[in-house]
Structures are given as structure tokens and as C-alpha cells.
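> Submitted below is the structure of interest, expressed as C-alpha cells.
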Amino acid sequence: MHRLPRRRLVRRRSRSRDRAQPSRRWPRSPRRSWRPSCSVGAGSSSSRSSPTCDQAPCGAAGRNRETLIVVRCMRSSGRHDRRRPAMETWDRVKADREAFADYLATLTEQDWAAPSWCAGWSVKDVTTHLLVSSTMSKGQVFRAFLASGFNLDKMSAKLTTRMSGEMSNEQVVAATRSTAGVRSAPPGLKPVGVFAELVTHANDISMAIGKPFQLPMESAVIALDHMKGVQPVLGCRKRIAGLRLQATDTEWSTGSGPLVEGDVQHLLSAMTGRKQALADLSGDGVNVLRGR
């Protein structure tokens with residue numbers, strides 16, 4: 001007996017199945033043998049007028065395509081809406097950096113060498129620290145982070161000390177002004193984090209040397225709203241837990257519990273662990289905050 005190839009045997013078995021069984025495939029849509037034109041020329045010589053888009057099947061397809069375009073536009077506008085707050089934050093960073101550069105230009109040699117409210121750092125050290133995110137690429141920062149054994153404090157101190165020793169005071173002012181529009185954040189920081197860091201360190205300098213640096217009130221409030229939820233590195237969230245912070249120079253407050261009140265600059269400094277700011281705050285919660 002002659003044996004057929006295995007492939008043909010399998011094919012014959014498949015043909016012998018019960019044709020009454022329903023197919024597992026999805027039903028195919030009927031093919032259109034004719035698709036009318038969506039538009040009719042003004043000078044058409046055809047005796048039979050072509051149907052319009054509202055009458056022909058392609059009209060539904062046209063409307064579906066219009067709907068798809070609208071949906072895509074809405075999705076695109078949504079992406080722009082999500083990006084807009086970050087763009088506005090960078091614009092604010094640029095404006096405040098420029099104002100900060102103008103402020104730095106008024107400092108004396110004694111001011112630059114004076115200790116800041118940032119423990120262990122002089123005014124010049126704090127200023128060059130702010131230049132790290134605007135003058136170094138993310139790759140350079142990551143390599144420095146790797147060389148420091150993934151220790152953020154060690155990396156920050158190393159980069160700050162090196163830049164502070166290599167740059168003169170005039171160069172620091174010029175670099176602060178020339179990089180005001182740079183939109184670059186260190187790994188793990190969002191634009192609002194860069195902005196809050198600028199406001200916080202500006203306080204560290206101005207409060208230490210007794211020369212006020214006035215930022216717009218809105219800038220200080222944005223920094224407060226961001227810092228109150230920050231826990232890694234700074235520990236702000238845990239430091240103010242169970243306390244009510246109340247600003248005396250604007251309508252801002254957060255938390256519940258014993259009261260800590262004062263102006264927004266001293267509240268921000270106290271929130272970020274600057275003990276020097278506690279002397280200018282009042283309320284039952286000041287002693288609690290001092291012990292943390």
C-alpha cells in the first residue's frame with residue numbers, strides 16, 4: 001500500500017472535520033467592491049452624481065478619521081498641559097537665578113568667606129554648590145556619584161570644594177548669571193526641587209551675613225509646599241510631623257498640632273534643619289522642633 005506524505009495526511013484529516021462546527025475565527029467584514037469619491041468636481045461630465053460623504057460608506061470612515069484626529073490632538077494637548085508646570089517652574093528658576101546673581105555682585109570679600117547657615121560651608125561654597133546642577137552634565141554628575149561610592153553627601157562636598165577652590169568670586173557671579181537659563185536637574189530631582197534648593201540656599205546666605213535677599217512671596221511659598229513633603233536627605237516631612245506651621249507674612253499653613261509661626265523665610269530654614277532660624281519663630285511647637 002502506497003503511503004501518502006505526512007503533510008497530505010494531516011491536510012486530509014483537517015478536511016474530514018465536521019463542517020457544522022462553528023469557526024473559531026472572527027467573522028470577516030464584507031469587502032467593498034466600490035468606494036465612491038468623497039468629493040465631486042464642479043465640472044464633472046458624469047451623468048450619475050457621486051454621493052457625498054454623508055451618504056456614502058466613506059463618509060463614516062471620514063468622520064471616524066476626523067474623530068481620531070481630534071482624539072490625537074486632545075492627547076497631544078494633554079501632554080503639553082502636563083509639561084506646562086515644569087516649563088513655568090524653569091522660567092521662575094531663571095528669573096530667581098538672575099536676581100540671585102545681582103545679589104551676589106553686591107557681596108564683599110568678607111561676605112564670601114563668612115560661614116553660611118549650611119553647616120560647614122562658607123557663602124562661596126554654597127554658591128558654587130548651586131552651580132553643580134547648571135554647569136555639569138548628568139553624565140558628569142553620575143560619574144562623580146559613582147566615584148564617591150554612591151554617597152550623595154560625599155559627592156556634593158567633593159564637587160563643591162573643588163569648584164570653590166578653582167573659581168574666583170567674580171567667576172562665580174558670572175557663572176550664576178550665564179547659566180540662569182539652563183534647564184538641567186541632577187538625577188532624582190525635578191525642576192521644582194531645583195527651584196526649592198535655590199530658595200533654601202539663598203536663605204542660608206542672606207540670613208547668615210545679615211543682608212536680606214528678597215524673592216517674590218510666591219517663590220517662597222512654592223519652596224515651602226515642596227519641602228514639606230521631602231524626606232530623603234533633608235528629612236523635612238518627619239521633622240515637621242505633628243506640628244502646625246503658620247506663616248505670619250502671607251496666607252500659608254500646613255499640618256496640625258503645636259503651633260510654629262514666623263515669616264516664610266525662617267519657616268523654610270527651620271523646616272530644612274537650620275537651627276539658627278528657630279530664634280525668630282514663636283509658638284508652642286518651637287521647642288518640639290528644636291529637639292528634632
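> Run down the aspartates and glutamates and flag those whose C-alpha is under 16 Å from the C-alpha of Lys94, throwing out any fewer than 8 positions away in its chain.
Answer for Lys94, where 16 Å is the Cα cut-off: Asp102, Glu197, Glu218, listed by chain and number.
> How large is ³J(HN,Hα) for each residue in region 281-292, as worked out from phi by the Karplus curve 6.51 cos²θ - 1.76 cosθ + 1.60 (θ = phi - 60°), to whole Hz, x for Gly and Pro?
Using θ = phi - 60°, the values come out as 10, 9, x, 5, x, 5, 5, 5, 5, 5, x, 9 Hz.
> Under the definition of Cα pairs under 8 Å and six or more residues apart, what whole-number percent is the relative contact order of region 166-292? All intermediate terms of the calculation are to be shown ahead of the outcome.
Working: 152 pairs, mean separation 21.7, N = 127.
Reported as a whole number, the value is 17 percent.
> For Leu281, list long-range residues whose amide hydrogen, built 1.01 Å from N in the peptide plane, is under 5 Å from its own amide hydrogen.
Amide H neighbours of Leu281, under 5 Å, 5+ apart: none.
> Here's a follow-up. Fully extended, how many nm does the chain gain between Met217 and Thr161 (0.36 nm per residue separation, minus their Cα-Cα distance)?
Working: separation 56, 0.36 × 56 = 20.16 nm, distance 3.17 nm.
Gain in length upon complete extension: 17.0 nm.
> Would you pull out the residues with amide H under 5 Å of Thr248's amide H, same chain only if 5 or more places away, H placed 1.01 Å from N?
Gly262, Asp263, Val264
> Which lysines, if any, have their Cα less than 22 Å from the Cα of Lys154, not counting same-chain residues under 8 positions apart?
Lys124, Lys138, Lys190
> Let me ask something else. Assuming R0 = 22 Å, what is the FRET efficiency of Ser282 and Gln110, from their Cβ-Cβ distance, to the nearest 0.05? Walk me through the numbers on the way to the answer.
Details: r = 31 Å, r/R0 = 1.43.
That gives a FRET efficiency of 0.10.
Every read-out reported here was derived from the displayed coordinates using simple, explicitly stated rules and does not represent laboratory data. Since this is a predicted model, take the numbers as computed values, not measurements. In this analysis, Cβ positions are derived from the backbone assuming ideal geometry, glycine residues included, and neighbour counts consider all displayed protein chains.
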